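Read the structure below first, then the notes.
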Amino acid sequence: MRTPGTAKELEVRRRIGGKLLLKGHTPAEVARTVDVSWTTANRWKQSVDRGGLEALAAKPHPGKPCRLTAKQKQELVEILLQGPLKAGFPTDLWTCARVAQVIEREFGISYHSAHAWKILHGLGWTCQKPEQRSRKRDEAAIRHWREKAWPRIKKDAKRGETRC
């Protein structure tokens, strides 16, 4: 599992360990000092021996950077919070395809719906499944059943009776 922290924070930690190694500390001492495993400190030592402290620099993340700017992402969140009806969709349900349409319409950037999910996930949004209710649902009948019939059924079950 990856150690928590940003790439910059982890690089700082590696560089501290690397400086200690250059001063002559053993990998075991470095491991205790910066709270990493001995094998990690040993790997750092091998990297420092081959390429100096620059060998411990953070590596760039692979793949293309997001085409939406931070400001555009914030605008997208504001649009999403207003709801799909306000954005011109017929139902009150956001889908990845709809989010991709909004991104293209508002910012002129075309994304596949699967990538729209990655953007949403990066913004801290989670998948939500709307609760489905019958169109013929009778709230008054449900309330009556909960308040009258269910307590009676529970009481009869405790006494060992079975009647509906």
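The values are calculated or read from the model by the stated rules, or taken from the named source; none is laboratory data. For clarity, every value in this text was computed on a predicted model and none was experimentally measured. Please note: Cβ atoms are built from the backbone with ideal geometry, for glycine as well, and neighbour counts cover all protein chains shown.
Residues checked against (1) assigned by TED's automatic domain parsing to the domain that holds Glu11; (2) among the charged types (D, E, K, R):
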site	(1), (2)
Glu29	yes, yes
Val36	yes, no
Thr39	yes, no
Pro62	no, no
Gln74	no, no
Val77	no, no
Leu80	no, no
Ala87	no, no
Gln101	no, no
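Taken as a whole, the condition of being of a type in the set (D, E, K, R), out of contact with any Phe, Trp or Tyr (no Cβ under 7 Å at 6 or more places or on another chain) and farther than 30 Å from Leu120 by Cα applies to Arg32.
Here's the yes/no breakdown for (1) surrounded by 10 or more Cβ atoms within 10 Å (Cβ to Cβ); (2) among the basic types (Lys, Arg):
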{"site": "Leu85", "(1), (2)": "yes, no"}
{"site": "Gly88", "(1), (2)": "yes, no"}
{"site": "Thr91", "(1), (2)": "yes, no"}
{"site": "Gln101", "(1), (2)": "yes, no"}
{"site": "His115", "(1), (2)": "yes, no"}
{"site": "Gly124", "(1), (2)": "no, no"}
{"site": "Ser134", "(1), (2)": "no, no"}
{"site": "Arg137", "(1), (2)": "no, yes"}
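The test for being exposed (fewer than 14 other Cβ atoms within 10 Å of the Cβ), more than 30 Å from His25 (Cβ to Cβ) and of a type in the set (Gly, Ala, Ser) does not hold for Ser37. Scoring Leu68 on the criteria (1) over 16 Å from Leu123 (Cβ atoms); (2) assigned to a loop (DSSP other than H, G, I, E, B) leaves a single failure, condition (1). Here His115 meets the list (1) more than 17 Å from Lys64 (Cα to Cα); (2) not in a loop (DSSP other than H, G, I, E, B) almost entirely, failing just condition (1). Tell me, yes or no, whether segment 17-34 has at least one residue that is in a loop (DSSP other than H, G, I, E, B) and among the acidic types (Asp, Glu). For segment 17-34, residues in a loop (DSSP other than H, G, I, E, B) and among the acidic types (Asp, Glu): absent. If you check Val48, Val12 for being of a type outside the set (Phe, Trp, Tyr), in a helix (DSSP H, G or I), without any contact (Cβ under 8 Å) to a residue 40 or more places away in the chain and touching a Gly at 6+ places or on another chain (Cβ under 7 Å), only one passes: Val48.
Checking the condition among the acidic types (Asp, Glu), more than 18 Å from Phe89 (Cα to Cα) and within 24 Å of the chain's Cα centre (by Cα), which residue from Glu139, Glu131 passes? Talk me through it step by step, then tell me what you get.
Working: Glu139 fails: within 24 Å of the chain's Cα centre (by Cα).
After applying the criteria, what remains is Glu131.
Going residue by residue through segment 139-148, is there one that turns out to be more than 20 Å from Ala70 (Cα to Cα), surrounded by 11 or more Cβ atoms within 10 Å (Cβ to Cβ) and at pLDDT 85 or above? Yes; the residues of segment 139-148 include at least one that is more than 20 Å from Ala70 (Cα to Cα), surrounded by 11 or more Cβ atoms within 10 Å (Cβ to Cβ) and at pLDDT 85 or above. Within the set Lys71, Lys45, Lys86, Lys19, the sole residue that is within 30 Å of Glu131 (Cβ to Cβ) and among the charged types (D, E, K, R) turns out to be Lys86.
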